[in-house]
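Novice: Dropping a structure here in structure tokens format, bear with me for questions.
The values are calculated or read from the model by the stated rules, or taken from the named source; none is laboratory data. Fair warning: this is a prediction, and the values are worked out from it, not measured in the lab. Heads up, the Cβs are rebuilt from the backbone with ideal geometry, glycines too, and the neighbour counts pull from every protein chain shown.
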Amino acid sequence: MTQQYDLFAPTPQKPEKGEESFFQGDAREYVRLVSQELARRYETPPLAYVHSYGCQQNVSDGERYSGLLAEMGYGFTDRPEEAELILLNTCAVRENAEKRVLGNIGAMKHYKEHRPNLIIAVVGCMTQQQHIADRLKKSYRHVDLVLGTNAFIRLPALLFGRLTKNQRYFKGPEDSENSPIIEGLPVRRDGTLKAWVPIMHGCDNFCSYCIVPYVRGRERSRESASVIQEVRQLVSQGCRDITLLGQNVNSYGKGLEEKINFSTLLRRLNDEVEGDFRIRFMTSHPRDCTRELIDAIADCPKVCKHLHLPVQSGSDRVLKEMNRHYTIEHYLELIQYAKERVPGISLTSDIIVGFPGETREDFEQTLELIKQVGYTSLFTFIYSRRSGTKAEKLPDVVTAEEKSKWFQELLDLQGVIGQEIMDSYVGRRLRVLPEGPGREEGTLTSRSDGNLIVEFPGDPSLVGNFVEVQITGAMNWALKGEVVK
Ligand code: SAH
Ligand code: SF4
Ligand code: F3S
């Protein structure tokens, strides 16, 4: 289901009084009401501090929250202490992420002592859990607004309520419905060279350790015409590096009326959008990753030669417990095909250490797997118990200390493998996109197709234009090179 939102459409309905209509009213009308209210109160635009935690999907949502705020008349600041509105867009994926957010929210209390009109809003994945929403209500009295991931479009209404009624408003999980995808919202992006473009929302996979399906709702895909239109517009505005986002991009298209899958979407973007730009995507679930997708990577010049294919564990037994629906044999077949079909492809992955019931033997299979694949880089996590997930109740006997040791072992091994891969680039040529000044005076930093950082001596005028670079050296975090004349 898609809903078109045009904030400037000429027919806003005057909301009726009363709380229900207040929440459910037309967002456009509330955008107008908030901007009137702000103009009445402030001589210059009041400042908003917006911070997103967590994955790129969340960062992308944050850009839409900022877009709405800009439309309502807010300016922006990086300094929470000078803001009139603080909006924290939270992540629930691991316990330490949540603790950090709660700590930060707690620390914001003292801002209110100096500026009683400050509004603090907490939105995003954490608030979609009942126990967190309750805790914010009871123990964090300085929080004014709470919006779950599905209540996104209610921000203008709640903000108007807070500004005019001096009440706290909560739209947590109890008000949650699977919100339709809302097209046409304003987006305020950081920078112009790179952009995130969500192609789908939610997740239906229910990996047994993961909170995302509970806090993000069911999988919904955007129509291909909307995605293509957004990419075309970004490219025409000078964007050169576009990342398509979804928790499982390989199931893109499910539930849409049009017949389309992710490989076709990639091919259409490659063929139909003119201009010098490149396309990335994340994340691919190995169960739904197909040879057809790898063929699309191989065939489309604008699609980066990079595959982020999170494996999570090298043990079939653990994968089964994780509800991942693939075996290591299947995974390695995909990797083998990718290496043959796309020579030089850069491979990356996510790994969880210490899933409940994981044994030393299981863990050693993970070490074996990463040797076999040769990942450019890994995102590694120690398992974190999430309330409401299937794995929450599994017995977990390995101590935290032991898990930390395994974790360090994994990092050390990847350190060696990653360095070998970096060294293997020396002498090769890469096409890179310069993004800004490098660490050393007179150098630029850039990214390759495979998402590696490449630094080289160059003039700032090169920023934003693809260049060929000869790789002359490798450090563990970046490559060094020289522009090919
Ligand atoms: N949809 C993506 C990733 C989403 S979350 C995918 O399926 O690959 C990003 C990563 O966080 C996951 O790949 C996983 O490695 C990690 N993760 C998720 N839940 C976790 C948990 N409870 N404990 C530790 N790591 C977790
Ligand atoms: Fe979580 Fe699995 Fe969905 Fe990824 S695919 S978001 S790990 S449930
Ligand atoms: Fe975190 Fe929500 Fe993303 S839980 S990882 S911000 S989908």
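Novice: If you go through segment 222-250 one residue at a time, how many are over 20 Å from Glu435 (Cβ atoms), polar (S, T, N, Q) and within 16 Å of ligand 3 (Cβ to nearest atom)?
Specialist: 2
Novice: Considering segment 23-60 alone, what residues qualify as being touching a helix residue (DSSP H, G or I) at 6+ places or on another chain (Cβ under 7 Å) and either in a loop (DSSP other than H, G, I, E, B) or acidic (Asp, Glu) (or both)?
Specialist: Listed by number, the residues that qualify are Gly25, Glu37, Pro46, Tyr53, Gly54.
Novice: If you don't mind, another one. Say we look at segment 446-463 and pick out the residues that are in a loop (DSSP other than H, G, I, E, B) and touching a strand residue (DSSP E or B) at 6+ places or on another chain (Cβ under 7 Å); which of these is farthest from Ser349 (Cα to Cα)? Before the answer, list the steps.
Specialist: Residues of segment 446-463 in a loop (DSSP other than H, G, I, E, B): 449-452, 458-459, 463.
Next, from what is left, pick out any that are touching a strand residue (DSSP E or B) at 6+ places or on another chain (Cβ under 7 Å): 449-452, 458, 463.
Details: Asp449: 16, Gly450: 13, Asn451: 13, Leu452: 14, Gly458: 32, Val463: 29 Å.
Ranking the qualifying residues of segment 446-463, first place goes to Gly458.
Novice: Would you pick out the residues in segment 426-445 that are exposed (fewer than 14 other Cβ atoms within 10 Å of the Cβ), part of a loop (DSSP other than H, G, I, E, B) and touching a residue at least 40 places away in the same chain (Cβ under 8 Å)?
Specialist: Gly427, Arg428
Novice: If I filter segment 71-98 down to residues being within 14 Å of ligand 1 (Cβ to nearest atom) and in contact with a helix residue (DSSP H, G or I) (Cβ under 8 Å, 6 or more places away or on another chain), which single residue comes out as farthest from Val122 (Cα to Cα)?
Specialist: Here is the first cut: in segment 71-98, the ones within 14 Å of ligand 1 (Cβ to nearest atom) are 91-98.
Add one more test, that the residue is in contact with a helix residue (DSSP H, G or I) (Cβ under 8 Å, 6 or more places away or on another chain), and what stays is 91-93, 98.
Numbers: Cys91: 11, Ala92: 13, Val93: 16, Glu98: 12 Å.
It comes out as Val93.
Novice: Follow-up. So which residues in segment 123-153 are surrounded by fewer than 24 Cβ atoms within 10 Å (Cβ to Cβ) and touching a residue at least 60 places away in the same chain (Cβ under 8 Å), if there are any at all?
Specialist: Gln129, His131, Asn150, Phe152, Ile153
Novice: Got a sec? Which of Arg280, Arg291, Arg267 is within 26 Å of Leu193 (Cβ to Cβ), at pLDDT 95 or above and out of contact with any strand residue (DSSP E or B) (no Cβ under 6 Å at 6 or more places or on another chain)?
Specialist: Values: Arg280 fails: out of contact with any strand residue (DSSP E or B) (no Cβ under 6 Å at 6 or more places or on another chain); Arg291 fails: within 26 Å of Leu193 (Cβ to Cβ).
Selected residue: Arg267, the only one of Arg280, Arg291, Arg267 that is within 26 Å of Leu193 (Cβ to Cβ), at pLDDT 95 or above and out of contact with any strand residue (DSSP E or B) (no Cβ under 6 Å at 6 or more places or on another chain).
Novice: A further question on this structure: Considering only segment 67-100, how many residues are over 28 Å from Phe379 (Cβ atoms) and in a strand (DSSP E or B)?
Specialist: Qualifying residue count for the region: 4.
Residues are listed down the side, and each one gets a yes or a no for (1) more than 18 Å from Ser384 (Cβ to Cβ); (2) modelled with pLDDT under 95:
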residue: Asp78; (1), (2): yes, no
residue: Glu81; (1), (2): yes, yes
residue: Glu84; (1), (2): yes, no
residue: Thr90; (1), (2): no, no
residue: Val93; (1), (2): no, no
residue: His110; (1), (2): yes, yes
residue: His114; (1), (2): yes, yes
residue: Ala121; (1), (2): yes, no
residue: Gln128; (1), (2): no, yes
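Novice: Yes or no: Asn104 touching a residue at least 60 places away in the same chain (Cβ under 8 Å), part of a helix (DSSP H, G or I) and surrounded by fewer than 19 Cβ atoms within 10 Å (Cβ to Cβ)?
Specialist: Values: touching a residue at least 60 places away in the same chain (Cβ under 8 Å): no; part of a helix (DSSP H, G or I): yes; surrounded by fewer than 19 Cβ atoms within 10 Å (Cβ to Cβ): yes.
When the stated conditions are applied, Asn104 does not pass them.
Novice: Sticking with this structure for a sec: So which residues in segment 167-217 are modelled with pLDDT of 90 or more, in contact with a Gly (Cβ under 8 Å, 6 or more places away or on another chain), of a type in the set (Lys, Arg) and more than 12 Å from ligand 3 (Cβ to nearest atom)?
Specialist: Listed by number, the list holds a single entry, Arg188.
Novice: Quick one: Leu265 ticks every box in (1) of a type in the set (A, V, I, L, M, F, W, C); (2) assigned to a loop (DSSP other than H, G, I, E, B); (3) assigned by TED's automatic domain parsing to the domain that holds Val197 except a single one, so which number is it?
Specialist: Looking at each condition in turn, Leu265 falls short on (2).
Novice: Does segment 335-342 contain at least one residue that is touching a Leu at 6+ places or on another chain (Cβ under 9 Å), within 16 Å of ligand 2 (Cβ to nearest atom), farther than 20 Å from Asp204 by Cα and in a helix (DSSP H, G or I)?
Specialist: So in segment 335-342, the residues touching a Leu at 6+ places or on another chain (Cβ under 9 Å) come out as 335, 338-339, 342.
Restricting the remaining residues to those that are within 16 Å of ligand 2 (Cβ to nearest atom) gives none.
No, segment 335-342 contains no residue that is touching a Leu at 6+ places or on another chain (Cβ under 9 Å), within 16 Å of ligand 2 (Cβ to nearest atom), farther than 20 Å from Asp204 by Cα and in a helix (DSSP H, G or I).
Novice: Moving on. Of all residues in segment 67-96, count the ones that are within 16 Å of ligand 3 (Cβ to nearest atom) and crowded, with 21+ Cβ neighbours inside 10 Å. Break it down into steps so the answer makes sense when it comes.
Specialist: Taking segment 67-96 and keeping what is within 16 Å of ligand 3 (Cβ to nearest atom), we get 87-96.
Imposing the further condition that a residue be crowded, with 21+ Cβ neighbours inside 10 Å reduces the set to 87-93.
Number satisfying all stated conditions: 7.
Novice: On the basis of being closer than 27 Å to Ile279 by Cβ and either small (Gly, Ala, Ser) or part of a loop (DSSP other than H, G, I, E, B) (or both), does Gly473 make the cut?
Specialist: Numbers: closer than 27 Å to Ile279 by Cβ: no; either small (Gly, Ala, Ser) or part of a loop (DSSP other than H, G, I, E, B) (or both): yes.
No: the conditions fail for Gly473.
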